[in-house]
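The values are calculated or read from the model by the stated rules, or taken from the named source; none is laboratory data. In this text the structure is predicted, and so the values were computed from the model without any measurement. Methodologically, a virtual Cβ is constructed for each residue, glycine included, from the backbone with ideal geometry; neighbour enumeration extends over all protein chains shown.
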Amino acid sequence: MKTFAPNSWEARADAHSFYGFTDLPSVERRGMVVLTHGEGPYVIDVHGNRYLDGNAGLWNMVAGFDHPEMAAAAKAQYDRFPGYHSFFGRMSDQTVMLSEKLIEVSPFERGRVFYTNSGSEANDTMVKMLWFLGRAEGKPQRTKILTRKNGYHGVTVVASSMTGKPYNEVFGLPLPGFIHLTCPHYWREGQDGESEADFTARMAQELEDTIAREGADTIAAFVAEPVMGAGGVIPPSDGYFQAVAPILKKHGIPLVADEVICGFGRTGEMWGSQTYGFMPDAIISSKALTAGYFPMGAVILGPDLSDRLQAAVEEIEEFPHGFTASGHPVGCAIALKAIDLIENGLLEQARGLIPQFEAGLNRLAEMDNIGEARGKGLMGALEAVKDKADKTPFDGSLSVSERIANTCTDHGLICRPLGQAIVLCPAFVMTPAQMDEMFERLEVSLKKVFAEVA
């Protein structure tokens, strides 16, 4: 364990902070990295060390860490109207304008928007909406939620139950009625001799069988990320959504696209559902919605759910749910500016970087201890393996991905370990030279760690 001076930033952080999603052995050895500011895609710590953030914060800082127009939009709104709620028949003009804009840029011809403070709360709200709707329509048994193993939907109790990650067992979750189907990761989940088309057909059959077993009239929705983000950047197998969407439609089960990570350009299109060619019934949004400059989430309802929920609400004259900062005027002003920047430059900039990003991943995939390079758009992962031929992972006690991430930090690059993968999702403002720098630093780090453990 490393000892830090009592008045150091690292010691102060450790004395008074309770960490979430943080590898504690690494913190004990290395201390927390305490940051002071950012410049473009870089962040700078209290010691003046400069890091290229290959994860754009937490998938969200697509405009970088010091975009002048984002800061100006926030300041102007703070000066004009610094805060309000959206209850009791009152909301800010910025909230009205953002709702109009979100429906305009959504794949829906019309719909309605409900605001939260995070993606977790947006998923939680979506489930409450579905449960409310079931009871209002005389189907109170329609409460079950289908998701997938390795899917990530947030950290509230309901969102954690939706999340198909084993670490939630420490909380006694998931709650009953949350059903996790097979992760559609062909490289890892495909059976010997099974083609990708056959794998997709098996995933569709599993869905059909699950609906038959549980009863379609007990299932409130199927919720899926277009690309699984926190599961390790896992794109669906080829044709996956084209296979599952008709099954859901046949049984009258809504398809909810969790676009918290994929939305607003990360996959190369405005929405991940557009990238994969399917039409959801609702979209969950957060992260790049405000380019990370304000905590906000949104439930974007398509026409059918919007109409049905509105009719149900009118029966009891209100929807008894909301948050103090729902539709916060500063957050909405920031989101409007973020969407403007994405529509008018950042999305095209991201698309221009995608070939270079894919080439960098594919080049590193040639290493002996990289089993798979995967991703879509500007989100990618490299899966570390002990044996490439049979996909054998490293022993968990080696903490290989954590080692790689820590070594990257030592070389001035921030990237994220997920399972035995290293994840990259750079800011859209990154330049080609900075992209080269990112992969160069990652390569040095990979070689060093693999020499130690392979």
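For the criterion of being at pLDDT 95 or above, of a type in the set (Ser, Thr, Tyr) and surrounded by 16 or more Cβ atoms within 10 Å (Cβ to Cβ), TYR51 passes. Candidates in the stretch 109-140 are the residues that are within 21 Å of the chain's Cα centre (by Cα) and outside any helix (DSSP H, G or I); of these, the one that is farthest from ALA216 (Cα to Cα) is ASN117.
Check whether at least one residue in the stretch 215-226 is closer than 27 Å to ALA63 by Cβ, surrounded by 24 or more Cβ atoms within 10 Å (Cβ to Cβ), in the same structural domain as GLU100 (by TED's automatic domain parsing) and not aliphatic (A, V, I, L, M), and report yes or no. The answer is yes; a qualifying residue exists. Check whether at least one residue in the stretch 364-375 is assigned to a loop (DSSP other than H, G, I, E, B) and buried (at least 19 other Cβ atoms within 10 Å of the Cβ), and report yes or no. Yes, that holds for at least one residue. Of all residues in the stretch 1-26, exactly one satisfies the criterion of being at pLDDT below 90 and among the β-branched types (Val, Ile, Thr), namely THR3. Residues of the stretch 225-243 that are in contact with a Ser or Thr (Cβ under 7 Å, 6 or more places away or on another chain) and either under 21 Å from LEU130 (Cα atoms) or assigned to a helix (DSSP H, G or I) (or both): PRO226, TYR240, ALA243.
Within the stretch 189-209, the set of residues being surrounded by fewer than 17 Cβ atoms within 10 Å (Cβ to Cβ) and in a helix (DSSP H, G or I) comprises GLU196, ALA197, ASP198, ALA201, GLN205, GLU206, GLU208, ASP209. What do you reckon, is GLU348 assigned to a helix (DSSP H, G or I), surrounded by fewer than 17 Cβ atoms within 10 Å (Cβ to Cβ), of a type outside the set (A, V, I, L, M, F, W, C) and in contact (Cβ under 8 Å) with a residue 40 or more places away in the chain? Considered against the rule, which asks whether it is assigned to a helix (DSSP H, G or I), surrounded by fewer than 17 Cβ atoms within 10 Å (Cβ to Cβ), of a type outside the set (A, V, I, L, M, F, W, C) and in contact (Cβ under 8 Å) with a residue 40 or more places away in the chain, GLU348 comes out as no. A Cβ distance below 7 Å, combined with a sequence gap of six or more or placement on separate chains, defines the contacts here; from the stretch 424-445, residues that are within 15 Å of GLU358 (Cα to Cα) reach residues that are charged (D, E, K, R) in the pairs CYS425/ARG266.
For residues in the stretch 242-255 being closer than 14 Å to PRO226 by Cα and in contact with a strand residue (DSSP E or B) (Cβ under 8 Å, 6 or more places away or on another chain), which is surrounded by the most Cβ atoms within 10 Å (Cβ to Cβ)? Among those residues, the one meeting the criterion is VAL244. For the stretch 419-433, the condition of being more than 21 Å from GLY38 (Cα to Cα) and not aliphatic (A, V, I, L, M) holds for at least one residue. Among the candidates GLY380, GLY345, GLY419, the residue that is farther than 14 Å from GLY54 by Cβ and in contact with a strand residue (DSSP E or B) (Cβ under 9 Å, 6 or more places away or on another chain) is uniquely GLY419. Tallying residues that are under 14 Å from ILE370 (Cβ atoms) and part of a helix (DSSP H, G or I) within the stretch 417-447 yields 6. Filter the stretch 152-177 down to the residues that are assigned to a loop (DSSP other than H, G, I, E, B), in contact with a helix residue (DSSP H, G or I) (Cβ under 7 Å, 6 or more places away or on another chain) and touching a residue at least 24 places away in the same chain (Cβ under 8 Å) and list them by number. Result: HIS153, GLY154, VAL155, THR156.
Considering the stretch 310-336, and only residues there that are crowded, with 21+ Cβ neighbours inside 10 Å and over 21 Å from the mean Cα position of the chain (by Cα), the residue that is nearest to TRP131 (Cα to Cα) turns out to be HIS328. Here the stretch 262-318 is the region considered, the condition is being in contact with an Asp or Glu (Cβ under 7 Å, 6 or more places away or on another chain) and assigned to a loop (DSSP other than H, G, I, E, B), and the residue that is nearest to GLU343 (Cα to Cα) is TRP271. No other residue among LYS149, LYS144 is farther than 17 Å from ALA257 by Cβ and either in contact with a helix residue (DSSP H, G or I) (Cβ under 7 Å, 6 or more places away or on another chain) or outside the structural domain of VAL256 (by TED's automatic domain parsing) (or both) apart from LYS144. Residues in the stretch 21-51 that are among the small types (Gly, Ala, Ser) and either farther than 24 Å from VAL62 by Cβ or without any contact (Cβ under 8 Å) to a residue 40 or more places away in the chain (or both): SER26, GLY31, GLY38, GLY48.
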